[in-house]
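Have a look at the structure below, then the notes.
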Amino acid sequence: MPETLTWSLTSTWSIVNSTVATWGILDSASSLTNMIPIDANYLGLWILIFIWLWVILWVTKDISARTSNIFFQIFSIAIVAILTPVVWLPIYFLIRPIWYKYEKEFFKNALIFSFVECKECGQKNDKDFKYCVNCWTHLKTTCKECKTLYPWDFPYCPECWAPNYDTLKE
């Protein structure tokens, strides 16, 4: 161990001890030294404990954002907390869900909005289709003002904002 590191840790620790003794936080400054063994020999251990706790907190936050399944959340946190992060963190990366919860909702909404439901039979059709593939009903209506085709369930024309009187009556 370099002497400067040992001296800086020893001098820093003595300043903490004298401050604690002055403020009367503990009965004596020596009890703080006995309670937390900070020494150059234990520095690696403290860094390892800090990294381990940080990984546990990160896994907790990450798995909570990825799934609502409480069993899977507890299992993921337990494998990293009980066992070493060096071994189990790569395994966690393999078993965790690919997408975050909000990304799943985004893709689900994008899929929903890419279809138009037929007003007669309820068949879901592509938004670009003019007729239903099941019953051949018109899926689009023509604007009375600008003659643009748009889905029949829109209350207003997306081009000129003229009202769709057929939808507004229903």
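Some observations on this one:
- Backbone phi angles across the stretch 89-103, fed through the Karplus curve with coefficients 6.51, -1.76 and 1.60 (θ = phi - 60°), yield HN-Hα couplings of 5, x, 5, 4, 4, 7, 9, 6, x, 6, 9, 6, 4, 5, 5 Hz in residue order; Gly and Pro are listed as x.
- Euclidean distance of C-alpha centroids, the stretch 141-155 and the stretch 61-79, integer Å: 48
- Over 24 Å apart at the Cα level, from the set K124/K144; K104/K127; K108/K147; K101/K130; K119/K144; K101/K140, are K124/K144; K108/K147; K101/K130; K101/K140.
- Per-pair calculated FRET efficiency, R0 = 22 Å: Y100 and F71 via Cβ, rounded to 0.05: 0.70
Every read-out reported here was derived from the displayed coordinates using simple, explicitly stated rules and does not represent laboratory data. Note that the coordinates shown come from a computational prediction; the quantities given were computed from them, not determined experimentally. Cβ sites come from the backbone with ideal geometry, for glycine too, and all protein chains shown count toward neighbours.
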